[in-house]
Amino acid sequence: MRYTSLASLLLLFPAHTQAAVNLKANETPLNTPVDPKAIALLPAHYRLAHAGQLTVAVSAQNSPPLSLVASDNRTRIGSDIDIARLLAQSLGLPLNIVPVSWEEWPLGLSSGRYDVALVNIAVTEPRKQKYDFATYRTDSLAFSVKHDSPITHIATAKDIAGQRVIVGSGTNQERILLDWNAQLRQQGLKPAIPIYLTDDATTTLFLQSGRAEVNFGPQAAAAWKAALNGRTKVVGNSPYKAWVATTTLKGNGLVKALNQALNDAIASGHYQKILSRWGEAQEGVAYSQSNPPGITYR
């Protein structure tokens, strides 16, 4: 999907989001003032991935409203990019954006390629063994189907029995899908068939051509796509609650500064402006938590 075909549109989300997204207007950066309290929490021993800059990994996939390409077909914009800028400006540092695939972020953090990963990463207990988290959104996951699909509602494991479900490998939605399949087997029902895709265009092709019945992914992206062209519809949300968080290598101390920056931006209202302009206000948090309990699936 090329952004140039969308630049002049005002995209309306489904009614429950109560928001409109103006892509052209959202190319203009939102600025956040320097936060002395957050700067004071930067660990003295920490060495930035690139000297003098905060280097942040964001999704290289075209996954609006989280991350997409602006009208120059080069610059990354989106809510995750705006959050990255908020963090960098709060810490008094220039922002260095690194687009990555989902599979890249763990190795990139471990190797010191970047300081922070913002790739719609949810907090889980296994991940907490290797990474530190500062929450900035709730993790809402949605089930999407083709606009004329006979599937009208998905709420429990039985609703996906025998269906071909597109899901990302190593994601929370995959973990939920596999847990639901275990439940279905225990009940003597046919499990869903996972289809592992990462490319947005291929996902759309699979749904529209009937090679898959359901896509299971981030709610914000699902609502965006449904509102964009009406070729898909959202038919349900995951019943499990999780937190999306800034992700850093465990024990390096950077999480304290990020947590402070987020909470001060929440108090000042700068954080809310970001989520509101991307239609994500309903996924906002009242305060940022450091390493909260991870998602549970039962």
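Does region 264-298 hold any residues that are in a helix (DSSP H, G or I) and either without any contact (Cβ under 8 Å) to a residue 40 or more places away in the chain or more than 16 Å from the chain's Cα centre (by Cα) (or both), and which are they?
Result: 264, 265, 266, 267, 268, 270, 272, 273.
Can you tell me which residues in region 104-158 are polar (S, T, N, Q) and within 25 Å of residue 227 (Cα to Cα)?
120, 138, 140, 144, 149, 152, 156
Looking at residue 250, is it charged (D, E, K, R), touching a Phe, Trp or Tyr at 6+ places or on another chain (Cβ under 6 Å), open to solvent by 20 Å² or more (accessible area, probe 1.4 Å) and touching a residue at least 24 places away in the same chain (Cβ under 8 Å)?
In short, yes.
Is it the case that some residue within region 47-61 is among the aliphatic types (A, V, I, L, M), over 22 Å from residue 262 (Cβ atoms) and touching a residue at least 24 places away in the same chain (Cβ under 8 Å)?
The answer is yes; a qualifying residue exists.
Exactly one condition in (1) under 26 Å from residue 282 (Cβ atoms); (2) over 15 Å from the mean Cα position of the chain (by Cα); (3) surrounded by 14 or more Cβ atoms within 10 Å (Cβ to Cβ) is false for residue 156; which is it?
With respect to (1) under 26 Å from residue 282 (Cβ atoms); (2) over 15 Å from the mean Cα position of the chain (by Cα); (3) surrounded by 14 or more Cβ atoms within 10 Å (Cβ to Cβ), residue 156 is out only on (3).
How many residues does region 270-298 contain that are open to solvent by less than 20 Å² (accessible area, probe 1.4 Å) and farther than 11 Å from residue 137 by Cα?
Matching residues across region 270-298 total 6.
Would you mind telling me which numbered condition in (1) at pLDDT 95 or above; (2) open to solvent by less than 70 Å² (accessible area, probe 1.4 Å) residue 186 fails?
Just one mismatch for residue 186, condition (2).
State all residues of region 136-153 that are open to solvent by 20 Å² or more (accessible area, probe 1.4 Å) and under 30 Å from residue 288 (Cα atoms); if no residue qualifies, say none.
Residues satisfying the conditions are 138, 140.
Which one is farthest from residue 64 (Cα to Cα), of the residues in region 192-201 that are at pLDDT 90 or above and open to solvent by less than 60 Å² (accessible area, probe 1.4 Å)?
Per the stated criteria, the residue is 192.
Surrounded by 23 or more Cβ atoms within 10 Å (Cβ to Cβ) and modelled with pLDDT of 95 or more: is that true of residue 222 in this structure?
no
Contact list please: Cβ distance under 7 Å, first residue in region 109-121 and among the acidic types (Asp, Glu), second residue part of a loop (DSSP other than H, G, I, E, B), pairs at least six apart or on different chains.
Matching pairs, first to second residue: 115/48; 115/49.
The values are calculated or read from the model by the stated rules, or taken from the named source; none is laboratory data. A quick note: this is a predicted structure, and the numbers were derived from the prediction, not measured. When we count neighbours, we look across all protein chains shown, and the Cβ atoms used for this are built from the backbone with ideal geometry, even at glycine. Side chains are part of the model used for accessible areas, which takes the heavy atoms of the whole protein and leaves out ligands, DNA and RNA. Shrake-Rupley method; radii C 1.70, N 1.55, O 1.52, S 1.80 Å.
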